[in-house]
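First the structure, in the form of structure tokens, and then the observations on it.
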Amino acid sequence: MIDPWGSSNVDYEKLVQQFGIKPFKDLLNDLTDPHLLMRRGIIFGQRDYGRIVKAIRDKEDFAVITGMMPSGKMHIGHKMVVDQIIWYEKHGADIYIPIADMESYSARGVDFEASRELAINEYITNYIALGLDFKKSNINVYLQSKNLLVNDLAYVLSKKVTFNEMKAIYGFNGSTNMAHMQAPLIQVADILHPQLEEFGGPKPTVVPVGPDQDPHIRLTRDIANRFKNQLNFIAPSSTYHRFITGLTGGKMSSSQPKTAIFLSDSIEEAENKVKTAKTGGRESLKEQQEKGGDPINCVIYEMLLYHLMESDEKLQEILEDCKSGNIMCGECKAHTADLMKKFFEEFSSKRKKGAKNAEKVLDGAKVC
Ligand code: TRP
Ligand code: SF4
């Protein structure tokens, strides 16, 4: 069982084998312009993505839905989702971004006021700074608790879901509070509501998420089929990305500040954190010159792979140089820290601008 609220590590291979997630690379060649995260295998899995490939190719209507639970500060790993949203927007998708304050309330004990603050000062501010243009009318962001339509739909859909099923999927039991039990159904409604008549009716949709969210995807796809006759839903597609490794080699987690580069870090903080990251370097310089480094288990290499190195050729060069012992970690780290510094120099100033507009975006006012 995968627990979307737990902290266990996910075994990517097993997911593909046991739960029927298909490899993303099967469809890679069908896209004319795959995103960097797709090309590099960071987006590793999918369900029914052929539908989305077709929608992009034939310029049909389609929607992207992906949300985040406001439970803490955003870190650099969260940037991945925003990068994907921007790519889809460029390919003609309508974008829906729920901010899961109901989930945060029920599963993490964060009150609604605190969630709203985080939504404004963290999430929407960062979304704007990372390049999401909320002036476009096809980008919608909302707090779950303020979206009556989503809440009504969740209620309607819950008619065809039983407690036994929720127990089997999420391990809920007699002590689980009722708000928590409803949270997945709110998410199901987040994902299906863009197919209601109000939003143009049934259409292909895709949910780009981490693999921990797959239980919600499976539930959503089942429910979509159960309501096929009444609401004519098309079962949503999904993609799954690997999580970025934390600075110390384990999971990158907002609740463990030593593991994370936060998007709200100062330029210096971000730069210095890169310098503390765990590398795939050897014990001694001599050993590294002889054996080469281990870039696949190197946080520095991951930073380049996920975020800092646009050019596939240059990345490949670093990989080769590392493996053959031609570059040493000191030099490689300094170079990466410098790229991080440059990213944060630009990003920090965009963040200031983003902060000014974030509240207006959330309240649906026009941003000029
Ligand atoms: N459960 C997601 C999380 O923990 C947040 C979320 C809410 C979501 N609604 C969604 C994700 C719809 C994808 C689609 O971050
Ligand atoms: Fe990582 Fe660079 Fe060291 Fe290789 S040389 S292990 S990529 S820091």
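Here are a few things to note about the model shown:
- Spatially close lysines, pair count over the range 161-277: Cα under 22 Å, gap of eight or more or interchain: 5
- Note on the chain: dipole from Cβ charges, positive end direction compared against Met303, Gln288, Ile95; the farthest Cα belongs to Ile95.
- Distance between the 7 Å Cα→Cβ label points at Glu198 and Ala334: 5.8 nm.
- Net charge contributed by nearby residues that have their C-beta within less than 12 Å of Gln144 (K/R +1, D/E -1): -1
- Loop-resident sites, the range 149-213, for trypsin sites (Lys or Arg not before Pro), counting at most 13 other Cβ within 10 Å (DSSP): Lys159, Lys160
- Cα-only Debye scattering, the range 12-243: base-10 log of I(q)/I(0) at q = 0.10, 0.14, 0.16 Å⁻¹: -0.44, -0.91, -1.23
- Using a Förster distance of 25 Å, the FRET efficiency for Arg39-Lys14 (Cβ separation, nearest 0.05): 0.55
- Charge dipole (Cα centre; +1 on Lys/Arg Cβ, -1 on Asp/Glu Cβ; no other charges) of the chain amounts to roughly 360 debye.
- Extension gain, Lys314 to Thr248: 0.36 nm times the residue separation minus the Cα-Cα distance gives 21.2 nm.
- Using distinct alpha-carbon pairs, which all enter the 1/r mean, Kirkwood radius of the range 54-109 in Å: 12.8 Å
- Among the GluC sites (Glu not before Pro) within the range 302-368, those in coil by DSSP and having at most 15 neighbouring Cβ atoms inside 10 Å are Glu310.
- Once the chain from Asp3 to Ala114 is taken as fully extended at 0.36 nm per residue, the excess over their C-alpha distance is 37.5 nm.
- Dmax and Rg, reported as Rg then Dmax, of the range 106-170 (C-alpha, Å): 15.9, 44
- Working from Cα pairs under 8 Å separated by at least six residues, relative contact order for the chain is 20 percent.
- Volume per residue of the C-alpha convex hull in the range 257-354, rounded to whole Å³: 91 Å³
- Length-normalised contact order for the range 29-157 - Cα pairs under 8 Å, 6+ apart - percent: 25 percent
- The chain: angle of helix 178-192 to the longest principal axis, Cα-based, in degrees nearest 10: 80 degrees
- Neighbourhood charge, 14 Å Cβ-Cβ cut-off, centred on Val161 and excluding it, Lys, Arg +1 and Asp, Glu -1: +4
- Principal-axis analysis of the Cα atoms of the chain puts helix 79-90 at an angle of about 60° to the longest axis.
- Cα-based helix-to-principal-axis angle, 148-158 vs the chain, degrees rounded to 10: 80 degrees
- Average silhouette area of the range 200-258, convex hull of alpha-carbon atoms, in square nanometres: 5.4 nm²
- FRET efficiency for Asn29 and Asp61, using Cβ-Cβ distance with R0 set to 30 Å, rounded to 0.05: 0.80
Every number in this text was worked out from the coordinates using simple rules, so none of it is lab data. Everything quoted here is computed from the prediction, not taken from an experiment. Here Cβ is always computed from backbone atoms with ideal geometry, including for glycine, and neighbour counts include all displayed protein chains.
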